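For reference, the structure discussed in these notes is given below.
The values are calculated or read from the model by the stated rules, or taken from the named source; none is laboratory data. All values reported here derive from a predicted model rather than from experimental measurement. For neighbour counting, all protein chains shown are included, and Cβ atoms are generated from backbone atoms with ideal geometry for every residue, glycine included.
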Amino acid sequence: MKTVQLPDGEKVPALGIGTWMMGERPAARKDETESVRLGVELGMKLVDTAEMYGEGACESFLGEALAGLRDKVFLVSKVYPHNASRAGVIAACERSLKRLNTDRLDLYLLHWRGGVPLAETIIGFEHLKSQGKIRHWGVSNFDTDDMNELYETPGGEGCVTNQVLYNLTRRGPEWDLLPWLQQHEMPVMAYSPIEQGRIKTAGALAGIAAKHGAKPFQVALAWALRDPGNIVIPKASRPEHMRENAAARDIKLDADDLAALDAAFPPPSRRRSLEML
């Protein structure tokens, strides 16, 4: 099982489970529950959610879907920027814990930059850590200048990851953000690693998939997993798709594969502002 090391040395699964828009459709609940539980059984034990997802509906769904599995899971949630004041982040965390039916989060992220000073959010995060309500904290959708500001803020070095939009069609972070994270020995967490299913599968992806006896989306996941500092969190609402995601761990892309993907999905030639979904 491939793992990624956090700055404090703890190892987490490199391939986890994203849950955006899960728990919002009653007709899909059975498949989604089976999919999440299967993913955990297959070793994809990092599960990511947020209070924003369905305004808490996704967290409530996971509170039920992970019944009996909580101690096997590295559970991640995110706080809205407008809830990220010193007192607000504590209250928001308590609400998330209740919905998730757990006494702690393994990782709590600031979902994106807002108007609250980072110093306030950090104080709130550190209080939650001292109370055992969260084990680690980090950020999401932070560009390089945001990370520099975070590290210049007292306590900012306590951040353990930055969750950003990163996939074959969104390679902007490679210009300066990923090097910054690597320099600070901080893993990136890549969300929407197959661009919500919109990545162009014809051409290079299809050819490489045929070579490896795989599907194009599996190759896209294998590409996102190629770096030892990458955590990747695709969503799969159906068990069969979860199995396909898990199998992407076994695909070993060679230099020719990577060159073909670079030609089809070129790396950035200049700095780009961080994109979000």
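Points worth noting:
- Taking first residues from segment 249-277 that are within 22 Å of residue 15 (Cβ to Cβ) and partners that are part of a loop (DSSP other than H, G, I, E, B) and of a type in the set (A, V, I, L, M), the Cβ contacts under 7 Å between residues at least 6 apart in sequence or on separate chains come to 249/225; 251/214; 261/168; 265/168.
- Annotation: residue 213 fulfils all but one of (1) out of contact with any Pro (no Cβ under 9 Å at 6 or more places or on another chain); (2) at pLDDT 95 or above; (3) at negative phi; the unmet one is (3).
- Residue within segment 77-92 that is part of a loop (DSSP other than H, G, I, E, B), touching a strand residue (DSSP E or B) at 6+ places or on another chain (Cβ under 7 Å) and surrounded by fewer than 19 Cβ atoms within 10 Å (Cβ to Cβ) present: no
- Top-ranked residue in segment 195-209 [being over 9 Å from residue 264 (Cβ atoms) and at pLDDT below 95; ranked as surrounded by the most Cβ atoms within 10 Å (Cβ to Cβ)]: 199
- All of (1) buried (at least 24 other Cβ atoms within 10 Å of the Cβ); (2) part of a helix (DSSP H, G or I); (3) out of contact with any helix residue (DSSP H, G or I) (no Cβ under 9 Å at 6 or more places or on another chain) hold for residue 71 with one exception: (1).
- Against the test of being part of a loop (DSSP other than H, G, I, E, B) and among the charged types (D, E, K, R), the options 64, 51, 59, 55 yield a single qualifying residue, 51.
- Residue check, residue 170 surrounded by fewer than 21 Cβ atoms within 10 Å (Cβ to Cβ) and charged (D, E, K, R): no
- Cross-chain or 6+ apart pairs with Cβ under 8 Å, segment 142-153 first and in a helix (DSSP H, G or I), then β-branched (Val, Ile, Thr): 146/139; 147/139; 150/139
- Qualifying residue in segment 9-20 (condition: farther than 16 Å from residue 230 by Cβ and more than 16 Å from the chain's Cα centre (by Cα)): yes
- Only one of the listed residues (51, 41, 55, 59) is over 16 Å from residue 238 (Cα atoms), modelled with pLDDT of 95 or more and out of contact with any helix residue (DSSP H, G or I) (no Cβ under 7 Å at 6 or more places or on another chain). That residue is 55.
- Residue under evaluation residue 56, criteria (1) surrounded by fewer than 17 Cβ atoms within 10 Å (Cβ to Cβ); (2) in contact (Cβ under 8 Å) with a residue 24 or more places away in the chain; (3) not hydrophobic (A, V, I, L, M, F, W, C), criterion not met: (1)
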